[in-house]
1. Please list H206, H66, H116 in order of solvent-accessible area, largest first, computed with a 1.4 Å probe with all protein chains present.
2. What is the angle, in °, between the Cα long axis of helix 198-210 and the longest principal axis of the Cα atoms in the chain? Nearest 10 is fine, range 0 to 90.
3. If the limit is 32 Å between Cα atoms, which of K124/K214; K8/K198; K35/K112; K29/K121; K43/K163; K35/K198 go over it?
4. Given (i) 8, 34, 38, 18, 3, 0; (ii) 8, 33, 34, 19, 6, 0; (iii) 7, 28, 32, 22, 9, 1, 0, which label gives P(r) over Cα pairs in 10 Å bins from 0, in percent as computed from the coordinates?
5. Could you give the dipole magnitude of the chain about its Cα centre, charging the beta-carbon of Lys and Arg +1 and that of Asp and Glu -1, in debye to the nearest 20?
6. Over the alpha carbons of the stretch 17-62, what is the largest minus smallest coordinate on each principal axis, giving the biggest first in Å?
7. Keeping all protein chains in position, work out how much accessible area D182 exposes to a 1.4 Å probe, and write it in Å² to the nearest 10.
8. If I ignore ligands, DNA and RNA and count only protein heavy atoms, how much of T220 is accessible to a 1.4 Å probe, in Å² to the nearest 10?
Amino acid sequence: MAFLSVDKQWELISRGAEEILPEKELREKLEKSRKNGTPLIVKLGCDPSRPDLHVGHGVVLRKLRHFQDLGHQAILVIGDFTAMIGDPSGRNKTRPQLTLEEAKANAESYIKQAGHILNIKTLKILFNSTWLNAMRFSDVIRLSSHYTVARMLERDDFAKRYKSETPISIHEFIYPLAQGMDSVELKADVELGGTDQKFNLLVGRHLQEVYGQKPQAVLTMPIL
């Protein structure tokens, strides 16, 4: 497949982005993709913690569409498993847990709604319970050994809760690791998210390196 020049692609990719980390690595990925005629794997995860997508989701969905328009492979990860844990990003208390059945029921509307922005014909839609639910307890122990409590507490929302003596449940530490395993499973080249997702996206980079993969580039979009 013939791709636009890296500079032309960059014009669209960087439009409206808050941060691209590291810019140099993403440019290198784009150059290699163009040289080999191979699309990048671009991932966006959405947890069905509620029955519908909201306007804020539209910001990152639109950026995912930009990658599609440039000829790259977009993957929408429906976080039915991670929704059971509950994303602690930006939360001042533990998020209520869902059952897998509740998460799947909430997800039913996501694909139809995302189709208003994304090209459904070329989009890959995957549910992360497919691989996360298949992990054994020994796999989870091995996974959790790759990150320290100290690094988790560097996270702004955890740091504030720890300082104010607001409880932090152990399962909340598992969340960014689970999201990171999505990137490992998909061998993602790029992951998108809101600015509140920066910590989680960088954990994905770390885990990919641990598992012997080239780390994904991270692109964050402003939160409405």
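The values are calculated or read from the model by the stated rules, or taken from the named source; none is laboratory data. Predicted model, so just to flag it, every value in this text is computed and none were measured. FYI the Cβ positions are ideal-geometry reconstructions off the backbone, even for glycines, and counts take in every protein chain you see. For the accessible areas, the whole protein counts, side chains as well, though only heavy atoms, and no ligand, DNA or RNA atoms are used. Shrake-Rupley method; radii C 1.70, N 1.55, O 1.52, S 1.80 Å.
1. Working: H206 45, H66 20, H116 155 Å².
Ranked from most to least accessible, the order is H116, H206, H66.
2. 80 degrees
3. On the way: K124/K214 21 Å; K8/K198 26 Å; K35/K112 35 Å; K29/K121 24 Å; K43/K163 34 Å; K35/K198 29 Å.
Pairs exceeding 32 Å: K35/K112; K43/K163.
4. (i)
5. On the way: 31 positive and 28 negative charges, 69 e Å.
The calculation lands at about 340 debye.
6. 41, 22, 15
7. Number for this one is 10 Å².
8. The accessible area of T220 comes to roughly 0 Å².
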